[in-house]
1. From 280, 305, 236, 292, which residue is of a type in the set (D, E, K, R), outside the structural domain of residue 125 (by TED's automatic domain parsing) and touching a Lys or Arg at 6+ places or on another chain (Cβ under 7 Å)?
2. Name the pairs: first residue in region 43-55 and touching a residue at least 12 places away in the same chain (Cβ under 8 Å) and of a type outside the set (S, T, N, Q), second residue assigned to a loop (DSSP other than H, G, I, E, B) and within 7 Å of ligand 2 (Cβ to nearest atom), Cβ to Cβ under 6 Å, at least 6 apart or on different chains?
3. Please list, ordered by residue number, the strands (runs of 3 or more DSSP E) wholly in region 140-231 having 1 or more residues that are acidic (Asp, Glu) and either at pLDDT below 95 or away from ligand 2 (no atom under 16 Å from the Cβ) (or both).
4. So which of 252, 265 is in contact with a Ser or Thr (Cβ under 6 Å, 6 or more places away or on another chain) and either surrounded by fewer than 16 Cβ atoms within 10 Å (Cβ to Cβ) or without any contact (Cβ under 8 Å) to a residue 12 or more places away in the chain (or both)?
5. Out of 7, 39, I need the residue that is touching a residue at least 40 places away in the same chain (Cβ under 8 Å), surrounded by 13 or more Cβ atoms within 10 Å (Cβ to Cβ) and part of a strand (DSSP E or B). Which one?
6. What number of residues within region 300-340 satisfy the criterion of being acidic (Asp, Glu) and assigned to a strand (DSSP E or B)?
7. Give me the pairs, please: first residue somewhere in region 162-179 and in the same structural domain as residue 143 (by TED's automatic domain parsing), second residue anywhere and more than 16 Å from ligand 2 (Cβ to nearest atom) and of a type in the set (Lys, Arg), beta-carbon distance under 8 Å, and either six or more positions apart or on two chains.
Amino acid sequence: MNTHNVTLVFEDGRAVRFDANEDDNLYFACLKNKVRLLTDCLEGACATCKGLCTSGTYYLDEYTDEALTAEEFAKREVLTCQMHVTSDCVIEFPYESKLALKSKPDVRMATVVAADMVSSTVSQLVVKPNSDQEPIPFLPGQYVHLAVPGTDEHRSYSFANAASETGAYTFYIKILENGEMSNYLTSNVKSGDEMTVEGPFGRFYMRPINRPILMVAGGTGLAPMLSMLDTMAGQDNKGFPVHLLYGANHAEELFGLDQIAGYGEQGLDLSLEVSVVDADNSWEGESGHVTDLLRPDLLNGGDCDVYLCGPPPMIDAANAWLVENDMRSAQIYSEKFVAS
Ligand SMILES: Cc1cc2nc3c(=O)[nH]c(=O)nc-3n(C[C@H](O)[C@H](O)[C@H](O)COP(=O)(O)OP(=O)(O)OC[C@H]3O[C@@H](n4cnc5c(N)ncnc54)[C@H](O)[C@@H]3O)c2cc1C
Ligand code: FES
């Protein structure tokens, strides 16, 4: 009996993961795992149970053309009441998780292992889930809520480590003036502190790699890119070239450059361009916004996947550039680091 890992991602970004038996249709596999997908006929006729399989292989039992057209099938839309997974799969649903899940997102207690400034404004926080608890599985690019110790507040942070590495989680956190998490990290943090980690969340995650990738990261928007790159570096098939555009306001805010340089030795075909907005005389690289580095030749004629992460104005500028340059065939995924 073959089982495969299934990740369901809902419209609000909440994700759940469980093992599904190939012989069970996905609706039934979900029920066994306390997930009640929206359904009606359970016969492949009404389309209520439709989702989009963004990665993995599967087959469908019987269904009508009205419920799933050939075009929808080609786009990898699936009727989950007729679906059997034949490999690990990720499936997205166009409705909120509360409609399918009674349970709350996974919450773990974790212990601070280290918190160090790695640039003038960025703290690297490493936390370890307590040993009596299962680590939270996640997709590279997703995020969690971290509680701010000593307060009732929590903030959202993207995993920066490989998805397979669940023994400890790494986050890169920009220190803001008078921020709750920022103040904790600059004034009060000590190793051994406990904090809750809740999640995972997010629809910004690495899709199967079947064409070149362009990543554009502003500031700590580099964090989820590092999670994706770490995950790619650990895979046998290194796939396609990745071009990373990375920017910060000041040169001393940049972090992660040594780590990025190391991916070449691990066999990744990764190229990097860096730009800083306020460059002083000691900066020898490009100056300006990271989006100023965008050029049509980076997009493989539109046949590429684009990942954008950083402050909202950066994402808006990158999206506007992609539309102006008619790169609509590129698949664009983005995450705005808004205040959480
Ligand atoms: C999905 C998601 C993922 C995120 N991942 C990361 C990450 O990996 N690394 C990271 O550094 N941040 C990330 N953020 C932003 C993060 O959640 C916090 O908003 C940020 O760290 C501020 O927290 P704080 O407690 O220090 O400041 P707060 O107490 O929340 O705010 C202090 C002051 O700063 C302003 N402010 C808050 N957030 C921001 C912001 N993002 N940009 C500019 N001003 C702000 C507030 O309006 C307030 O005036 C993410 C946000 C989202 C929504
Ligand atoms: S529930 Fe009707 S098609 Fe699946």
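1. Of the residues listed, the single one that is of a type in the set (D, E, K, R), outside the structural domain of residue 125 (by TED's automatic domain parsing) and touching a Lys or Arg at 6+ places or on another chain (Cβ under 7 Å) is 305.
2. Filtered contacts from region 43-55: 44/63; 44/67; 45/67; 46/40; 47/67; 49/39.
3. 194-201
4. Working: 265 fails: in contact with a Ser or Thr (Cβ under 6 Å, 6 or more places away or on another chain).
Of 252, 265, the one residue that is in contact with a Ser or Thr (Cβ under 6 Å, 6 or more places away or on another chain) and either surrounded by fewer than 16 Cβ atoms within 10 Å (Cβ to Cβ) or without any contact (Cβ under 8 Å) to a residue 12 or more places away in the chain (or both) is 252.
5. Numbers: 39 fails: part of a strand (DSSP E or B).
Residue meeting the stated conditions: 7.
6. Number satisfying all stated conditions: 2.
7. Short answer, once both residue conditions are applied: 167/128; 168/128; 169/128.
A quick yes/no check of all residues on (1) surrounded by 14 or more Cβ atoms within 10 Å (Cβ to Cβ); (2) outside any strand (DSSP E or B); (3) away from ligand 1 (no atom under 16 Å from the Cβ):
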{"position": "73", "(1), (2), (3)": "yes, yes, yes"}
{"position": "87", "(1), (2), (3)": "no, yes, yes"}
{"position": "104", "(1), (2), (3)": "no, yes, yes"}
{"position": "116", "(1), (2), (3)": "no, no, no"}
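The values are calculated or read from the model by the stated rules, or taken from the named source; none is laboratory data. Being a predicted model, the structure only gives us computed values, none of them experimental. Ideal geometry is used to build each Cβ from the backbone, glycine not excepted, and the neighbour counts take in all protein chains shown.
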